[in-house]
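What follows is a single structure, written as structure tokens, with notes after it.
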Amino acid sequence: MTEQVDAQSPYDLADQAAARLAELTGVERHDVALVLGSGWLPAVDALGEVTAEIATTDLPGFSAAAVAGHSGKIRSVRSGDRQLLVFLSRTHYYEGKGVAAVVHGVRTAARAGCRAIVLTNGCGGLKPTWEPGTPVLISDHINLTGRSPIVGATFVDLTDLYSSRLRALCHEVDPTLDEGVYVQFPGPHYETPAEVRMAGVIGGHLVGMSTTLEAIAAREAGMEVLGISLVTNLAAGIGDAPLNHAEVLEAGRAAASRMGALLGQVVPRI
Ligand code: 8IG
């Protein structure tokens, strides 16, 4: 491989982004990263004091956010003795920018010092008892994108990808939390009812369009992963209503205090 190609590797780009992040935030090292998915934005205020906010586009390797309700900002937040790195948006696989772009934030967080990452998302639920606004811990995933963020012969173990230690911590804070297997579809269209039934048959409980590639990149980078889904809608064919994005944002607003309390209590103990 030539030196020029090396200089443009996704890991080098993440190094550059982390260096710029440290300059812009005035924070040398961050401890825990959070990625906020659809519906999670209102919960962010419970995390602590915002010490800096920057645009993702101020850092090398990030492009503008594409989804309503996601804003392309990164916050540095003081929470007790931890410095949090909070991504208010993510790049989705369905944007077609490639898997490296999808996981660039995760890799940047790792290079910025984060030892753990909380990946949140909004998703569809397969259990009829999960009302819109129900948070569910991700216990495992099924990646139906058919892609990996890793290139080359790096064989990363994904056993306990979604840390049982961190899930136990969440259960201490809220014993009523359910767990489920998250199935990532490529999107951006929602599933057909038949695809949702398939997701159930293969062992899934949650359907969405994010998180799995990020979790893999996080594990590759040595971070501990906590995944929390907000069920914003029953998956297609489970309920009787058609799906829409406004419903997603509304479920987030309605559930914000519960999710804020959960994050606010769990993150300082990570
Ligand atoms: I929010 O029902 C949200 N995101 N694939 N299916 C998929 N993604 C989603 C859904 C859903 N709800």
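The values are calculated or read from the model by the stated rules, or taken from the named source; none is laboratory data. Because the structure is a prediction, the values reported are computed rather than measured. As a convention, Cβ positions derive from the backbone with ideal geometry for all residues, glycine included, and neighbour counts pool all protein chains shown. For the accessible areas, the whole protein counts, side chains as well, though only heavy atoms, and no ligand, DNA or RNA atoms are used. Shrake-Rupley method; radii C 1.70, N 1.55, O 1.52, S 1.80 Å.
Tabulated data
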read-out	value
Cβ-defined net charge surrounding residue 21, 13 Å radius [Lys, Arg +1; Asp, Glu -1]	+1
Residues of segment 9-269: accessible area per residue with a 1.4 Å probe, Å²	40 Å²
Protection proxy ranking, peptides 102-110, 232-240, 152-160, average beta carbon neighbours within 10 Å, highest first	102-110, 232-240, 152-160
Computed lengthening from residue 254 to residue 240, 0.36 nm per intervening residue step minus Cα-Cα distance	3.0 nm
Segment 1-160 - percent of accessible surface contributed by carbon and sulfur, probe 1.4 Å	49 percent
Kirkwood-based Rg to Rh ratio, the chain, C-alpha trace	0.95
Proximal charge balance of residue 100 [Cβ under 13 Å; K/R count +1, D/E count -1]	-1
Fluctuation leader among 241, 46, 217 - the chain, Gaussian network, Cα springs under 10 angstrom	241
Charge context of residue 159, other residues only, Cβ under 12 angstrom, K/R +1, D/E -1	-2
Segments 208-216, 37-45 sorted - mean Cβ within 10 Å per residue, highest first	208-216, 37-45
Rg/Rh ratio calculated on Cα atoms of segment 107-251 (Kirkwood radius)	0.97
